[in-house]
Structures are given as structure tokens and as C-alpha cells.
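Everything on this sheet refers to the single structure shown next.
The values are calculated or read from the model by the stated rules, or taken from the named source; none is laboratory data. Owing to the predicted nature of the structure, the values given are computational and were not obtained by experimental measurement. All Cβ positions, even for glycine, are placed from backbone atoms using ideal geometry, and neighbour counts span all protein chains on display.
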Amino acid sequence: MTEASTGTARTPVPESVHRRRWAILAALMLSLLIVVLDNSILNVAMKTIASPAPTGLGATQSQLEWAINSYTLVFAGLLFTSGLLGDRYGRKKTLLFGLTLFGVGSILAGLSDSPGELIAYRALMGVGGAFVMPGTLAILMNVFDRDEQPKAIGLWSGGVGLAVAIGPITGGVLLEHFWWGSVFMVNVPIVIVALTAMALLVPESKDPAPGRLDPLGVLLTVVGLVLLVYGIIKGGQSADFTDPEVLLTTGGGLVVLIGFVFHERRSDHPALDVRYFRDPAFSAAVAAIALVFFALMGVTFFMVFYTQSVRGYTPLQTGLLMLPLAASQLFFSPRARLVVDRFGIRATCTGGMVVIAVTMASLLLFDADTPIWLLAVLFFFQAAGMAHIMTPATVAVMQSLPRRKAGSGSAVNNIFRQVGGALGVALLGSLLSTAYRRRIDGELADVPGLTEGARHAAGESIEATLAVADRLGPAGRALAERADEAFVHAMHVTVLGSAAIALLGAIVVALFLPGKERAPESEQSDGGGATASAESEDAAENADAVENVDAAESADGTEGARRERDSVEAER
């Protein structure tokens, strides 16, 4: 059995759990795979879903944004509560519940008859996903000793990259042979396998002194985020951010979120303990996670239209373009800790952010005829940059908190990733829509027979414009060419915004994350620079060790477990 040390001796996890820790990690990654896989599959299927029935649902661009964000916003709003429920009632129980609900939502989403139904069932899937994601990371922190946690988190992060690539390829294969709903039905067998593996392998863990739930905090989070994102998407749809409806909803969302912060500061049982953010390193790590997903999710949203609508690739070919991204994630995520050991977390994360900003800006060189292999190269370097941010930043967040609060820590980590992604899709998606409409409206005005309402709808997205061009027959070829040009222009405008956000992230981490010199020499490098004080952290770890050993005694009845417990009591 291994042992990590920080100041005082730390008791490792029970031997029975330690022996099967890598099998447990595999089961957790399978659960994580299903949550991430769904979003990456949906990205490839968006063009198909936007197609008229019977091929798709005839969804508009704003409806597609809501199909993504209904999942994300519900997911983000419930993460705090799900993390607390896992800490209170058991992380394994909540994870199994979340997987089951996610599977049911997938079936219903695959059978949707309208964009509205799809949006609603995606929200139900978000409820399930909210109970899965925090549990995977919280259990990981409880089955690995501290010195192995960075490596395990690296593999966990690499699993995200694998899912990002598997999703589009799987979605492409399914869309070539089945109807669009099959991209959701594929979740069901994976859920069944994951439930079985979880039930057989994963131990239960919980916080011996859990906090109370905060229903008002959760309600404020969901209402504030929905109002804010609705206003942003509505502004992009109408290309008018001064519209009273847009101003009222975005302003109302900001007011509610400010009220949420004040409520959390005054509450003795907050959904989000804002005291965590007093530590600049913790805040910078969380900000890095949010900003990198803001930039990447926004670009991912429009990239499928560039590859399929402008370049004419099939969903499967689009999925295959993601293979370099997956290979890069799988290679660099487990190795990012080695870069942190040598250069420190500040230099590692700053470098990763700069790489993402440069690759985003490189998309300015792309047009309708750029060799497509260059896009695959950009994906590889983007994923490398992301791996050198996500792994050390996640380690920094999780190791800042004691093990017994792993569920809450995982919720904080994931809430900002999901909120960052949702705002990226909303803001950058709206920027894309606005820039596209301003460029194409003049061309649509020259199309004979289009009513004002039809012209407005046709200018919302490239898919809507191409549908008009198809109805015009050979006469619509010029309109299709203008649509491609307008979309490429809008893409260039959007990637500038994305690159600016990535540069902002580089500035934040460079200013606030600790440098290498701040890590104590006597401490095993943790890849993230835990920020809790040594005394309180040791006390928390020892308390967790007693709880874990108690569990080992009841499960195995071993004399070794009793000796470990006596050792911990003596240490305390």
C-alpha cells in the first residue's frame, strides 16, 4: 500500500479499495464517457436535426442552441445540490440514480417529434448528468492516495478527450445508417454496462458531517442562468441586443445571479461556499476551467456547420476529423503533471491558454477552400493546450479541499466548466448569428418571392439560407455561394472573440496561480498546488482516514484495518 505525506503521516485508502483502484477508475470513466459522449454526438447531429422532416426536426439555430443549453443549464444548476446529496447520502447511490435518469431521458429524446420536445428531454438528461459528473471525481479522490491523484485525474481528463472523439465518429456512423434519434438511443447500452460496473466495483463513500441543502440557492442559480442565456440567444436570433426583451431578460438574469452571491455569503449552509474563492489560486484555477470551455464550446458549436454546410463533409467525415483531438488529449492529459513538476502550474496553464488562443486565431486563415488536414492539425494542438489546463487546474481545485468535501469540490469544478460552456455557446453562437445575418441580409433581399418573415428566418443560419437556395434550383447556386462566404466571415469574427477569451484566461492564470517556487520542497508534487493550510488539511485527511478505515473494518474485518485505525487515532 502506498503512502503520501504532507507534514504528518497520512493514512492511505483501505487495502481492499486500493487493490482495485484502477478498475474503479475505468468504471468511473465509463460513467463520465456517457455524459460527455452525448454532447459531442449532438454536435455532429445538429445539421441533420436542422433539416426539415422527415430527415430531421427542422430546428432553427436558436432551437439548436437551446437543445445544447437546456441540458447544460439544468446540469449546471443542479451540480451543487447533487454534490451535497452525494456527500450526504453516498456518492455511489447518487451516481447510479443519475445514470438511470440519463438513460431514460436519452430514450425520450430519441423519440422526440419536435424541437420543443427535444429541448425538454435534453433538460431531463441534464438532471441525470448532474448526478453523474460530480460523483465520478469525488469517488476518484476517495479511492486514490494523494500522490496518485494527479495521475488519476489526468486519465480522467483524458477520458473526456476520448469521448469528444468517439461521439462524432459514432454519431456519423449512426446518421449514415439510421434516423437522427439513434444518436441518443446509443446511450442506453452504455448506461446499462456502466450501471453494472458501478454496482460491482465502486465502494460507497460519504461525508460524515454533511451540510444542509440550499434549495433557494439552487433556484436562484437556475433562474439566473436561464434568464441570462435566454437573453443572449434572443439577441443573437434577432441581431438586436437593444431589444427590450433582450435587455430585460439579460439584466434580470444578472440581478438574480448577484442576489445568489449575496445569499450564499449570508447562508450558513450555502450551495456554493464562496469562502473557497478567497484563495486567489483556487479562484484562478476555477476561472481557467470556465474560460477554456467558454472558448472551446463556442468554437465547437459552429465548426460542424463549417465542415458540413460549407465544406460538404458527411457527419462521419466530420467525426473522423476529431481523431487528432482525441489522440492529443489521451497522450497529454496523463502527462501534464510532469510538466507541472518541472515548470510549475502557473507556467503550464498559461502556456496552455496561449496555445488555445493561437490556434483559435489561426482559424482566421481558413476559408471555403483551405486544405482540411490543417484543421486536424489545429485540433491536435488545441487539445494539447486544453490538456495542460484541465488536468492541473482540476487537481488544484480538488486538492484544495479535504476528501470528505470531494462531492462539493467536484461540483464547483464542474459547475464553472458547464457554465463556461453554456455561455460560450450562447455568446459566441449569438455573435456568429449576428455577423452572419448582417452579411447575408442584402443577398436575401434580392431573392424574389420571399416574404419579410421568410427572409428573416432564412437569415438566421446558413442552414436556413441553404434551404431557400435549394428551393430555387439552379438559380439558387449564387445564393449558396454567398451563404458560404457570409458564414466564413461570421466564423472569423467569432474566433476573434474566442481567441480574446483564451488570452484573458492566460492573463488570469499568469497573475494568480502560484509559481513553482511556492510549492514546499518536502511535499510530493501534486500537479495543482493544494491551497488549504497544512494543519487543517491534515486534520481533515485523518478524519477521512478514520471513516475509510471504519468502512474497511465493516467490509473486510481485517486486523490490518484495525491497526490502521489505531495509528490514525494516535496521530491525531
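Looking only at region 47-56, count every residue that is hydrophobic (A, V, I, L, M, F, W, C), surrounded by fewer than 24 Cβ atoms within 10 Å (Cβ to Cβ) and either touching a residue at least 40 places away in the same chain (Cβ under 8 Å) or under 24 Å from ARG417 (Cβ atoms) (or both) and tell me the total. Total meeting the criteria: 1.
Going by what's in this entry, would GLY409 be described as buried (at least 22 other Cβ atoms within 10 Å of the Cβ), at pLDDT 80 or above and closer than 30 Å to ASP341 by Cβ?
Working: buried (at least 22 other Cβ atoms within 10 Å of the Cβ): yes; at pLDDT 80 or above: no; closer than 30 Å to ASP341 by Cβ: yes.
When the stated conditions are applied, GLY409 does not pass them.
Among the residues of region 305-336, count how many are basic (Lys, Arg) and either closer than 21 Å to ASP369 by Cα or at pLDDT below 80 (or both). Of the residues in that region, 1 qualify.
Acidic (Asp, Glu), surrounded by fewer than 24 Cβ atoms within 10 Å (Cβ to Cβ) and either within 21 Å of ASN187 (Cα to Cα) or over 19 Å from the mean Cα position of the chain (by Cα) (or both): is that true of ASP113 in this structure?
Numbers: acidic (Asp, Glu): yes; surrounded by fewer than 24 Cβ atoms within 10 Å (Cβ to Cβ): yes; either within 21 Å of ASN187 (Cα to Cα) or over 19 Å from the mean Cα position of the chain (by Cα) (or both): yes.
Answer is yes for this residue.
With respect to the stated conditions, PRO324 fails to be within 27 Å of GLY167 (Cβ to Cβ), assigned to a loop (DSSP other than H, G, I, E, B) and in contact (Cβ under 8 Å) with a residue 12 or more places away in the chain.
Only a single criterion out of (1) outside the structural domain of ALA357 (by TED's automatic domain parsing); (2) within 21 Å of LEU64 (Cα to Cα) is not satisfied by LEU423, namely (1).
Of all the listed residues (LEU432, LEU504, LEU513), the sole one being assigned by TED's automatic domain parsing to the domain that holds VAL299 and either touching a His at 6+ places or on another chain (Cβ under 7 Å) or modelled with pLDDT of 85 or more (or both) is LEU504.
Looking only at helices (runs of 4 or more DSSP H) that fall completely inside region 84-180, which ones have 3 or more residues that are closer than 25 Å to PHE331 by Cβ?
Numbers: elements: 91-110, 115-143, 149-177.
In region 84-180, the matching helices (runs of 4 or more DSSP H) lie at 115-143, 149-177.
A single entry from ALA368, ALA357 fulfils the requirement of being touching a helix residue (DSSP H, G or I) at 6+ places or on another chain (Cβ under 8 Å), surrounded by fewer than 21 Cβ atoms within 10 Å (Cβ to Cβ) and among the small types (Gly, Ala, Ser): ALA368. Picking from residues in region 77-91 that are surrounded by fewer than 20 Cβ atoms within 10 Å (Cβ to Cβ) and not small (Gly, Ala, Ser), the one that is modelled with the highest pLDDT is TYR89. Might you let me know whether region 293-302 holds any residue that is closer than 16 Å to LEU378 by Cα and at pLDDT 80 or above? No, region 293-302 contains no residue that is closer than 16 Å to LEU378 by Cα and at pLDDT 80 or above.
Scan region 367-392 for residues that are under 26 Å from the mean Cα position of the chain (by Cα), more than 18 Å from SER498 (Cα to Cα) and among the polar types (S, T, N, Q) and the total you get is 1.
Examine region 194-201 for a residue that is over 20 Å from PHE75 (Cα atoms), modelled with pLDDT of 80 or more and polar (S, T, N, Q), and state whether such a residue exists. There is at least one residue in region 194-201 that is over 20 Å from PHE75 (Cα atoms), modelled with pLDDT of 80 or more and polar (S, T, N, Q). Picking from residues in region 260-295 that are in contact with a Lys or Arg (Cβ under 6 Å, 6 or more places away or on another chain) and in a helix (DSSP H, G or I), the one that is surrounded by the most Cβ atoms within 10 Å (Cβ to Cβ) is ILE289. Considering only region 42-68, state which residues are under 17 Å from LEU124 (Cα atoms) and of a type outside the set (S, T, N, Q). LEU42, LEU64, GLU65, TRP66, ALA67, ILE68 - these are the residues of region 42-68 that are under 17 Å from LEU124 (Cα atoms) and of a type outside the set (S, T, N, Q).
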